[in-house]
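Report on one structure; see the data block that follows.
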Amino acid sequence: MNIYDTIIIGAGHNGLVAAAYLAKQGKKVLVLERRDIVGGQVVTESFGDGFTVDSLHAGGTLRPDIIKDLNLASFGLVVDSVRKPFISLQPDSNHLVLDANPAKAVESIKRFSEKDAANWIPFLNFMDKVTRFIHAANETIMPRLPKGFNFSEGVDLAKMGINLRMMGGADMMKIIRGIPMTADEFVDEWFESDVVKAAIASLGIHGFTLGVFGAGTGYTLMHNWANRGGLSNVSAQGGVGKITEALASAVKSFSGEIRTGAEVKRILVDTFTCKGVVLTNGEEISAKNIISAADPKHTFLNLVGAVNLPPELVWNVQSIKMRGSVAKVHLLVDNIDAVVAGATHASPLPATFVIAPSIKYLEQAYDAAKYHSISEKPYLEVTTSGNVVSVHFQFAAYKLKDGDWKTEGAKVEKVAIETLAEYFPNLKSSIVNTKTITPLDMEQTYGLTEGDLNHGQIMLDQFMFMRPIPGWSNHKTPIDNLYLCGSGVHGGGGISGASGWNVVKVLK
């Protein structure tokens, strides 16, 4: 029987990052993926002739240090150097165009507020410092507060604090104050125009079941800005699937093994020690260490089983807030240029469009999630690739009060198309194919419990040293030799690879 040094459950980007680093160190590594393709939620898939889409994420890329360490450029990963303009569509067609060129963005902002235009470049400079802080925080192993704290973790925290202090006293305080703020409060300190504020505040709720008046959305705004590299995503050429394809190639080049169509049914545990895994076909595979890239709820409650865990931990895991409320609607059109032709003041494609006309609009869109329904006036983020229009739809609650997702997917698709048609009048007549991915699809197809893209909401009580749960924030678990590396641990959320990179440091 093959005995591996490490088995990694899940071939998402974090699992593959961990696998590549460990295989590069000479470890015998096996990655087990239940789907027939690698990538997890970072995949590019075909849903018909000419209908290839980035299924769940319209863009994103790994941390530059990970790309460099693993030499991913040699495996075909090319990060697009062209930044997309971020366009907030307005009902009166006076659209706000936040171009990647600051001078062009300032000219567009002037139409709404001279004061805001003057603040734009200082704001960008501040967000550059925020980005450095977020990346420094995400590469820091969080200590097991309030217990299990050790000296090495204290040193790492001290380094993070020094990085924060070196940004200057005023900016340091702005960052610290921004963490518990609402997104509305965060942008209100910089801007006066509701249009400008809403466009930026939309990042604070993107992918989260929170409203712009929710405490802590100041932090999620900073988190998303850092991961995306700004308002619009920095993307891989050829789609986000190129990220995980390159990672898989790197794993194999370092003699790591990847098996697709291999679903893990159970993690073998004997007296609080992990021994291996059992696949759904009954096969048992042994390993010295198991790393789960699946979400903490699924890992602990389904794969390990409550009977093998301390009762207090089971209660804490059951209390993790998932609450997915994102759907995706992909539209194949016959002529993308004709579709966007009606958007006055909009820059040429590619671009990122948002339906976020006001702070009030964003908060009211969130009301649907609070009441377990589908927003009639949703917050949308829209991107294009070739003749494909991809719509990120918020809010559509995973747990619906009325109806179920077997039938309500059609409603999401209809609302998305009707909402966009108000801004792009040629859209409806141009559609030749559609694909809607509901929160239930995200759970059943992509393995995201409750359709939560982040493996657990990033909230004030579920971030940093409280992620995934208090007392277990350093990738370790009560089960010896079992570790976590998915988006549900610190460093996760969005596409960066930080949590996959961090778990390798813990294993050293």
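Since every read-out is calculated from the coordinates, none of them should be taken as a lab result. Bear in mind that the values here come from a model prediction, so they are computed numbers and not experimental data. Please note: Cβ atoms are built from the backbone with ideal geometry, for glycine as well, and neighbour counts cover all protein chains shown.
The length gained by stretching the chain between residue 270 and residue 480 to full extension, at 0.36 nm per residue less their Cα-Cα distance, is 74.6 nm. Here the chain carries DSSP beta bridges of which approximately 65% are antiparallel, counting only pairs with both residues inside.
Segment 6-73 and segment 161-221 have Cα centres spaced 30 Å apart. The length gained on full extension between residue 36 and residue 158, counted as 0.36 nm times the residue separation minus their Cα-Cα distance, comes to 39.6 nm.
Past 28 Å, Cα to Cα: identify those pairs from 265/401; 68/265; 197/297; 27/321; 159/508, in the order given. The pairs that break the limit, which is 28 Å between Cα atoms, are 265/401; 68/265; 197/297; 27/321. Each label was represented as a point 7 Å from its Cα along the Cα-to-Cβ direction; for residue 377 and residue 121 these points are 3.7 nm apart.
A simple spin-label model places the labels of residue 5 and residue 237 3.4 nm from each other, with each point 7 Å out along Cα-to-Cβ. In this simple spin-label approximation, residue 428 and residue 338 carry label points 7 Å from Cα along the Cα→Cβ vector, and these lie 1.6 nm apart.
Please report the net charge: other residues with Cβ closer than 12 Å to the Cβ of residue 196, K and R +1, D and E -1. Mind showing how you got there, number by number?
On the way: positive: 110, 111, 115, 197; negative: 114, 116, 188, 192, 194.
Computed value for this residue: -1.
Partner aspartates and glutamates whose Cα lies under 14 Å from the Cα of residue 129, excluding those fewer than 8 positions away in the same chain, are identified as 171. When peptides 181-189, 402-410 are sorted by average Cβ neighbour count within 10 Å, with the highest value leading, the order is 181-189, 402-410. Going 7 Å from the Cα of residue 399 toward and past its Cβ, which residues in segment 190-218 have a backbone nitrogen under 19 Å from where you end up? In segment 190-218, the label zone of residue 399 (backbone N under 19 Å from the point 7 Å along Cα→Cβ) covers 208-211. On a C-alpha basis, how far is the centre of segment 83-133 from the centre of segment 273-312 in Å? Whole number, if you could? After rounding, the separation between the Cα centres reads 47 Å.
Kindly put 366, 361, 21 in sequence by how many other C-beta atoms sit within 10 Å of each C-beta, fewest to most.
With the fewest neighbours first, 366, 361, 21 line up as 361, 366, 21.
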